[in-house]
1. Asn33 - would you say it is away from the ligand (no atom under 16 Å from the Cβ), farther than 17 Å from Met275 by Cα and out of contact with any helix residue (DSSP H, G or I) (no Cβ under 6 Å at 6 or more places or on another chain)?
2. For the stretch 273-299, give me the residue count where each residue is out of contact with any helix residue (DSSP H, G or I) (no Cβ under 7 Å at 6 or more places or on another chain) and closer than 16 Å to Ala6 by Cα.
3. Please enumerate the residues belonging to the stretch 227-241 that are open to solvent by 10 Å² or more (accessible area, probe 1.4 Å) and out of contact with any Gly (no Cβ under 9 Å at 6 or more places or on another chain).
4. Working only within the stretch 166-215, note down all residues that are open to solvent by 70 Å² or more (accessible area, probe 1.4 Å) and assigned to a helix (DSSP H, G or I).
5. With Ile48, Ile95, Ile22, Ile69 as the choices, which residue is assigned to a helix (DSSP H, G or I), open to solvent by less than 30 Å² (accessible area, probe 1.4 Å) and under 25 Å from Gly242 (Cβ atoms)?
6. Within the set of pairs 6+ apart or on separate chains, which have a first residue in the stretch 59-72 that is under 14 Å from Thr297 (Cβ atoms), a second that is in a helix (DSSP H, G or I), and C-beta atoms under 6 Å apart?
Amino acid sequence: MKFKIAVIKGDGIGPEIVDQAIRVIDKIAEKYNHTFDFSFCLAGGSAIDATGNTLPEETIEICRESDSILLGAVGGPKWDAMPSGNRPENALLGIRSKLDLFANIRPAIMYNALSDACPIRKEFISDGFDMVIVRELTGDVYFGEKGRTQSGGVTTGYDIMKYSETEVERIGRRAFEMAMKRSKKLCSVDKANVLETSRVWRETMHRIREEYPEVDYSDMYVDNAAMQLVRNPGQFDVIVTGNLFGDILSDEASMITGSIGMLPSASLNETGFGMYEPIHGSAPDITGKGIANPIATILSTAMMMRYSLNLADEASAIETAVEKVLDLGYRTADLGKDYLSTSEITDKIISYI
Ligand code: NAD
């Protein structure tokens, strides 16, 4: 089969890790007889340098014409003084909102071989964990009306939190469908004891759960969820939540795996089209040293194959190869003392595909 992939290498370690992910895709192409055409485009700091604009229109056009988007990471100290609205991070918000990528899917898996990197005491993670957080990405307090008022010399800031039933329904269904494909267990996280937005969220989730009677569904308040994630992460399979709570909980979940360089993510629209990227940033402190861990980006390509390109066997081949390499004790600098370079660990992964 033939696929067109828009590639945004981005800034910092972005180009280093995306180059390795492309080598893995090329290996999949060779083994499974596919053709992947890559269209390289700019976003973030490198786009600002080249065009003055963090998200050139041409990039959006290329993304729209592609089957999927692969992104490294954007940002870095060089662009920290850019005016808000044209900062590297605005490129990500722009792509998400222009392409309606409302569903952020983030797996958080503790690999057996990396259990020593987990900051939680062993007795709490004896069974390991393998969860997916489904976070709504284009609504909530981040996209509500915001502003400042002045009164009596005191400045007050406000950001309005809101969710419509329609927004909750589409992310809710996406989460139920994800649960159906996994172990049929879904936990919806909100703050319905305090927030009206959350009450609408919860009522809507309860309505659509009628459509998925096989799913073992539960509700949890966000403060409890934050606690349960470190007390007993193995209790979760799929978690669904809004943009703000998801932002915080998904970082917490990734932190307890102990390895920021390992975790992939997907941001999907209604049709399954999506952008795939590692959860980490552009790591300016290690840029150019050849030691960045490419595995989060490589696993992002596996997610791309599974969720957007309908290539489940190819996705599993990548995931199995990564696991094998870790089981054999190969590590990058963020994971161990005797380490392989960015390209050497990729060589190992490719050799097991
Ligand atoms: P970061 O994730 O870039 O780095 C945090 C720490 O993790 C650093 O010590 C870094 O060296 C390490 N690290 C990250 N990825 C790694 C990898 N693949 N291999 C080995 N080590 C890795 O977060 P930060 O330092 O807060 O942000 C740096 C820049 O990245 C900022 O400009 C920020 O805005 C941007 N950022 C971008 C994204 C994105 O593009 N999606 C996400 C987060 C941060």
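1. Yes, satisfied.
2. 1
3. Our first condition is that a residue be open to solvent by 10 Å² or more (accessible area, probe 1.4 Å); within the stretch 227-241, this holds for 227-228, 230-232, 234-237.
Across the stretch 227-241, the qualifying residues are Met227, Gln228, Val230, Arg231, Asn232, Gln235, Phe236, Asp237.
4. Listed by number, the residues that qualify are Thr166, Arg173, Glu177, Lys181, Glu196, Arg199, Glu203, Arg207, Arg209.
5. On the way: Ile48 fails: under 25 Å from Gly242 (Cβ atoms); Ile22 fails: under 25 Å from Gly242 (Cβ atoms); Ile69 fails: assigned to a helix (DSSP H, G or I).
Going through Ile48, Ile95, Ile22, Ile69 in turn, just one is assigned to a helix (DSSP H, G or I), open to solvent by less than 30 Å² (accessible area, probe 1.4 Å) and under 25 Å from Gly242 (Cβ atoms): Ile95.
6. Cβ pairs passing all conditions: Ser68/Met304; Ile69/Cys63; Gly72/Gly14; Gly72/Ile17; Gly72/Val18.
The values are calculated or read from the model by the stated rules, or taken from the named source; none is laboratory data. Everything numeric in this text was worked out from a predicted model, so none of it was measured. Here the Cβ is made from the backbone with ideal geometry for all residues, glycine too, and neighbour counts use every protein chain on show. We work out accessible area using only protein heavy atoms, side chains counted, and drop any ligands, DNA or RNA first. Shrake-Rupley method; radii C 1.70, N 1.55, O 1.52, S 1.80 Å.
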